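Here is the structure we will look at.
The values are calculated or read from the model by the stated rules, or taken from the named source; none is laboratory data. Remember, predicted model here, so these are calculated numbers, not experimental data. Quick reminder, even Gly has a Cβ in these numbers, built from the backbone with ideal geometry, and neighbours come from all protein chains shown.
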Amino acid sequence: MTGAIMSKLARPSTLLGLLQGIEADPAHHLTGPFRPQTPLSWKSKSRLPAPKRANGRVSKKNKWHTGSEGLWADIGSLRWAVAPSSALKILLVPIVLWAVWERFGPSIAKGLLNPIAPLFFISHRVPDSSEDDPRYAKGYSDLLFIAYHVIVWSFVRQAITIYISRPLAGWFGIKRESKLARFGEQIYAVIYFGTMAAWGTRIMSQLPTWWYKTEHFWIDYPHWQMTPELKRYYLMQAAYWCQQLLVLALKLEKPRKDYNELVAHHMITLWLVGWSYLVNLTLIGSAVYLSMDLPDTFLGISKLLDYIKWDRANVVVFMCFLMLWTYFRHWLNLVMLYSVWTEFDLIPETSKQWTPPDGVWMVWWMRYQIFVPLLLLQILNLFWYMFILRILKGQVLALMGARTTDVRSDDEDEKENNEPHDVNGEKD
């Protein structure tokens, strides 16, 4: 690609300029706003290229390689976020302490609850709730649960991408390091979003909001008594997004063309997650989660098919993804926006006040505090939707026999000479 073209792609002055020539732009990615992040380098069994030299000196080792440098060193440098062995050790320590307390605690401190339990189990059960149908409120111990599960998600992501996806990618003949990283990333995405989409569907089916009966977002507010499953689901999602924020803060991923949009989406998502939980709007929050997770599952599958070059199957899956994205991320998002604007007043009059001790927060201006982040989410989704339509055009051409560059593939290796080599010394 010539320097003139690269300059034009790197500095678009209009949205049309941004879209123009995107199929030939290897530095752009489209993975949707819930895209998992990937460290800059990966530990590989394949022979890597010789370290680059600058002024005759070998360049320093990447700080974020996935091997452990020792537990304490990894804790101090936050490398546990990319080193699964260290993350696992950190996770095991509270489990051992919990087991010790369960064994000896009752005889030492009778009546005192296990202080380690909030890391693994949801807390703050409503005292007068039924044994057969318990309910839970929010509380400060939820922060401990989220903190522990940030480490859980770090371990799960790295374990999947390193120990499962890389051998699987090798079976499909993928050798290039950048594609190995992206392939692992999408394996994790499919597993995470697929699991959460199925779980979110199950939870919503047990709520009065099924299927997007939006009036129940507001009727009988405040909805502060949560089912155990709803609370765990909500906190697990919150932990995932906090872990994603950690990835961005540590710059574990090389910035790409829509990096600013991804950062904006993370901020908006955390805004929605935190506020909806704080002000007892978990019913609308769970509906938003589901509308995001289900289409992202199919996006991940489509990308995997693209990496292994199953073009015809990819076209079919991508068409399913396009329909799901259109319905969930646009139509249902607009339905929820309309509900915020027109059904907000279904909240009981006694709850239209700011009384946090009673779980009531819905003063008049809260309508806008809910509406604005959902609107911003819709704007970002529309931004990505334009790229999706461009991808659709490329997929149709591929089905007709014209091979095109998938803008979602993330193969942003700028020059062919910089590509890693396989074990035979040949380029992938």
Scope segment 258-300; condition over 15 Å from the mean Cα position of the chain (by Cα), touching a residue at least 60 places away in the same chain (Cβ under 8 Å) and more than 24 Å from Met204 (Cα to Cα); matching residues: Asp258
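Could you tell me which of the residues Leu334, Leu324, Leu374, Leu305 is within 29 Å of the chain's Cα centre (by Cα) and surrounded by fewer than 17 Cβ atoms within 10 Å (Cβ to Cβ)? Explain how you work it out, then say what you get.
Numbers: Leu324 fails: surrounded by fewer than 17 Cβ atoms within 10 Å (Cβ to Cβ); Leu374 fails: surrounded by fewer than 17 Cβ atoms within 10 Å (Cβ to Cβ); Leu305 fails: surrounded by fewer than 17 Cβ atoms within 10 Å (Cβ to Cβ).
Selected residue: Leu334, the only one of Leu334, Leu324, Leu374, Leu305 that is within 29 Å of the chain's Cα centre (by Cα) and surrounded by fewer than 17 Cβ atoms within 10 Å (Cβ to Cβ).
Determine if segment 180-201 includes at least one residue that is in a helix (DSSP H, G or I), polar (S, T, N, Q), under 30 Å from Asp345 (Cβ atoms) and at pLDDT 95 or above. Explain how you work it out, then say what you get.
Here is the first cut: in segment 180-201, the ones in a helix (DSSP H, G or I) are 180-201.
Of the ones still in play, those that are also polar (S, T, N, Q) are 186, 195, 201.
After this cut, where a residue has to be under 30 Å from Asp345 (Cβ atoms) as well, the list is 201.
When the remaining residues are screened for being at pLDDT 95 or above, the result is 201.
Among the residues of segment 180-201, at least one is in a helix (DSSP H, G or I), polar (S, T, N, Q), under 30 Å from Asp345 (Cβ atoms) and at pLDDT 95 or above, which makes the answer yes.
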Unmet criterion (only one of (1) touching a residue at least 24 places away in the same chain (Cβ under 8 Å); (2) part of a helix (DSSP H, G or I)) for His223: (2)
Whichever residue in segment 348-371 is in a loop (DSSP other than H, G, I, E, B) and free of Cβ contacts under 8 Å to residues at least 24 places away in the same chain and, among such residues, is surrounded by the fewest Cβ atoms within 10 Å (Cβ to Cβ): Trp365
Among (1) closer than 17 Å to Val82 by Cβ; (2) in contact with a helix residue (DSSP H, G or I) (Cβ under 6 Å, 6 or more places away or on another chain), the one test that Ser178 misses: (2)
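Among the listed residues Asn333, Asn314, Asn280, identify the single one that is in contact with a strand residue (DSSP E or B) (Cβ under 9 Å, 6 or more places away or on another chain) and either in a helix (DSSP H, G or I) or within 23 Å of Pro208 (Cα to Cα) (or both). Quick ask: steps written out before the conclusion?
On the way: Asn333 fails: in contact with a strand residue (DSSP E or B) (Cβ under 9 Å, 6 or more places away or on another chain); Asn314 fails: in contact with a strand residue (DSSP E or B) (Cβ under 9 Å, 6 or more places away or on another chain).
Checking each option against the conditions leaves just Asn280.
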When residues of segment 337-347 are limited to those that are part of a helix (DSSP H, G or I) and not aliphatic (A, V, I, L, M), the one surrounded by the most Cβ atoms within 10 Å (Cβ to Cβ): Ser339
Residues that are buried (at least 20 other Cβ atoms within 10 Å of the Cβ) and at positive phi, drawn from segment 129-181: none
Yes/no for Pro94 being more than 30 Å from Gln206 (Cβ to Cβ) and either buried (at least 16 other Cβ atoms within 10 Å of the Cβ) or among the aromatic types (Phe, Trp, Tyr) (or both): yes
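If you check Ala147, Ala169, Ala99, which single one turns out to be touching a Lys or Arg at 6+ places or on another chain (Cβ under 8 Å) and not in a loop (DSSP other than H, G, I, E, B)? Can you show your working first?
On the way: Ala147 fails: touching a Lys or Arg at 6+ places or on another chain (Cβ under 8 Å); Ala99 fails: touching a Lys or Arg at 6+ places or on another chain (Cβ under 8 Å).
After ruling out the rest, the residue left standing is Ala169.
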